[in-house]
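The values are calculated or read from the model by the stated rules, or taken from the named source; none is laboratory data. Quick caveat, the model's predicted, so the values are computed rather than measured. Backbone-built Cβ (ideal geometry, glycine too); neighbour counts: all protein chains shown.
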Amino acid sequence: MPLTMRSAFYPLLGNLIYSPLGDFIDALSIACTTFGVCISLGLGVSLINGGFHRLNDEIGVTVDNQIAIIWVITIIATVSVTLGLKTGIQTLANVTFAIGLFLLFALMFLDNTWFLLNSFCQSVGHYEAGTASISQTR
């Protein structure tokens, strides 16, 4: 079977996946994937722009800044994809993981570590207590 979405519908549709119905399934899956990526990019860009504005008041939350952020993200993603899995995407994954670890350790050790860990444990406890009470009321 070809590696397409229509192949997943073979048990339900049989050989109809090779008809225009299969083409429609593939087109719909491509459209949904495209819309999902665009929505994620749009929400992420607005959050990044808001974060930059919070760090520096001179950076406004404007459409021009959001377009610039989209260009930067697109260029980084394009370079990563063109370099391939082994070089580009693996390097990008390692860099983002290292940045995440740096932020985690900076947050934990440059602030009040005891307060943060205590707050985390209490938040998990409140969440668990809330979900337990919700499940008991059903």
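Test residue 89 against the stated conditions and say whether it is at pLDDT below 90, aliphatic (A, V, I, L, M) and assigned to a helix (DSSP H, G or I).
Yes: the conditions hold for residue 89.
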Would you mention how many residues in the stretch 1-50 are exposed (fewer than 11 other Cβ atoms within 10 Å of the Cβ), more than 30 Å from residue 65 (Cα to Cα) and among the hydrophobic types (A, V, I, L, M, F, W, C)? 3
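Out of 88, 100, which single residue is exposed (fewer than 12 other Cβ atoms within 10 Å of the Cβ) and among the small types (Gly, Ala, Ser)?
After applying the criteria, what remains is 100.
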If residue 128 satisfies all but one of (1) closer than 30 Å to residue 38 by Cβ; (2) charged (D, E, K, R); (3) surrounded by 10 or more Cβ atoms within 10 Å (Cβ to Cβ), what's the number of the condition it fails? (1)
